[in-house]
Structures are given as structure tokens and as C-alpha cells.
1. For the full complex of protein chains and a 1.4 angstrom probe, list 153, 101 by accessible area with the highest value first.
2. Given the options 80, 100, 193, which has the most mean-square fluctuation in a GNM of the chain, springs set between C-alpha atoms less than 10 angstrom apart?
3. Go through segment 89-99 residue by residue and turn each phi into a ³J(HN,Hα) via Karplus (6.51, -1.76, 1.60, θ = phi - 60°); whole Hz please, and just put x for glycine and proline.
4. What is the local net charge at residue 190, summed over the other residues whose Cβ is closer than 14 Å to its Cβ (Lys, Arg +1; Asp, Glu -1)?
5. Considering only protein heavy atoms, with the full assembly of protein chains and a 1.4 angstrom probe, order 65, 58 by accessible area, largest first.
6. What 222 nm value per residue comes from the helices of the chain, counting each DSSP H run with n ≥ 4 as -39,500 (n - 2.57) and dividing by all residues, nearest 500 deg cm²/dmol?
7. Would you mind classifying the chain by shape? Square roots of the alpha carbon gyration tensor eigenvalues, ordered a ≥ b ≥ c; an a/c under 1.5 is rounded, otherwise it is prolate if a/b is larger than b/c and oblate if not.
8. Of the listed peptides 11-18, 196-203, 163-170, what is their order by residue-averaged count of other C-beta atoms within 10 Å, with the highest listed first?
Amino acid sequence: MFGSGILKGLGVTLKHVTVSYIDDVKRIPSRYAGGKKFIRQPMSEEGLFTIQYPEERRVLPERFRFVPMLIYDAETGKDRCTACGICSKVCPAQCIWIVRDQKPDGKPIPQAREFYVDIATCMGCGLCAEFCPFDAIKMNHDYELSTFKRYPDLVYSKEELSVPTTYYAQLYPEAWAEEEEQRRQKEDVKRKRAAAAAARAKAKAAEKAKKIAAVKTAAKQSSDDAQ
Ligand code: SF4
Ligand code: SF4
């Protein structure tokens, strides 16, 4: 029938509009209540509505990724990055540059003196974060990076990329808990191995002392017998 497609489309729209109100009423006072900057919007939510950006922002899932960030320890201020260069090697866009730090005598030290990511070229694939063996580079959720000049504004330096572990823990609560648990387990294993090695060394030293004492006693005994 002529116009049936239009009627069907209008019906679908009407259904979504109705669902929006039902969904809102179910979650009284409202999905927009409280004038909060961040609104609740899980993937399961239904209906039609508009996010009043920039006053409101969508709650991002933990897995969301935009551009990389470099992690440093919030307590010690120490960078996790050892300037191993793996991230720059695996980066498909080749947009990471690292300068390894060095001692005054020219010997390299495992930390980055300079670290740059060309944010304009980065495609947010997350491979750098996947491959980093030190959990030093992760994907940031911050997507409001617009600027008037591409260069040099979008070539981020180490200072611009660096964030504390507390920031990472807040963005990635699940990953953070998992990584910390793995770290604790590794440290436990290391501690146990060190304790076992120390116990073995102690037993060996005691055995050696016992043998020396036995030799000394035997020597004394033979000397006494000779007299
Ligand atoms: S961020 Fe990770 S992979 Fe990249 S240089 Fe630093 S330690 Fe290596
Ligand atoms: S997210 Fe992908 S493109 Fe961006 S710096 Fe990391 S590896 Fe390169």
C-alpha cells in the first residue's frame, strides 16, 4: 500500500519516543536528574534522547580508548617506562618517538628522557598498550583534544602524556585490580624464592662449619694421641 513504509517508520519512531518516557519514569526522578555532568547511559538503555554535550557527557566504558598516556608511580613519582622501545616498534602509525636517558659518561639508563606521540597520526589502536611489558603506556579516555594548530600542538611530549597511577586506577578500576593482583603474586613468588635461597645458604654454611669443627676435633684428637 502507498505510504505503508512511512507509516511503519513513524510507528517505530513513536515506539522509541514512548519507550524513552517509560524508561525515564521507571528510573524516577530522571536520567538527567541532579544536574550531574555525567549521565547514566548504559548500552542496554532504550528509547530516544539527546546528550546535552558539553554540559553532559556519556559515561565511558572502561575499555574505551583514545590516545596513549604514560604512567608514573603516584607515590614515588618514578616512571614505569624503561625506554625499551617496544611500543614504538609495534605502532602501525609509527607515531611514537623515544629518547633514552643516559648517565653523564654516556651509558644508557632504562628511562625515557624524551617521549613523544603524534596524536594527530595515532589511530587509537592500543597496540602500544597491549605490547608494553611494564604496563607503562595505557589508553587515555580524554577525547577533548581539539586545537587550532596540528603542529606542534598535537605532538604530545612526555610531560603532556604522563599521568599518575591514581588516574589510571580511576579510569580502569578492573584492569588496575587485576594487574595489582598479578604484581602482588609475582612479588610473593620472588620473596619466597629469596627466603628459600637464604635458608639454603644458611644450611650450607652450618654444614660447612660442622665439617670444619669435625676436622679440627679429629686433628686435636690425633695430636693428643701422639703425645
Ligand atoms: S612505554 Fe612500555 S613499551 Fe614503550 S618504551 Fe616504555 S616501557 Fe617500552
Ligand atoms: S594507539 Fe596505536 S597508533 Fe596510537 S600510538 Fe599506540 S600503537 Fe601507535
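1. 153, 101
2. 193
3. Couplings: 6, 7, 5, x, 8, 6, 10, 10, 10, 10, 10 Hz.
4. Summing Lys/Arg as +1 and Asp/Glu as -1 gives +4.
5. Solvent-accessible surface, decreasing: 65, 58.
6. Taking each H run of at least 4 residues, the total per residue is -14500 deg cm²/dmol.
7. prolate
8. 163-170, 11-18, 196-203
The values are calculated or read from the model by the stated rules, or taken from the named source; none is laboratory data. Remember, it's a predicted structure, so these values are computed and weren't measured experimentally. Every residue, glycine as well, gets a Cβ built from its backbone with ideal geometry; the counts of neighbours run over all protein chains shown. Only protein heavy atoms, including side chains, enter the accessible area calculation; ligands, DNA and RNA are left aside. Shrake-Rupley method; radii C 1.70, N 1.55, O 1.52, S 1.80 Å.
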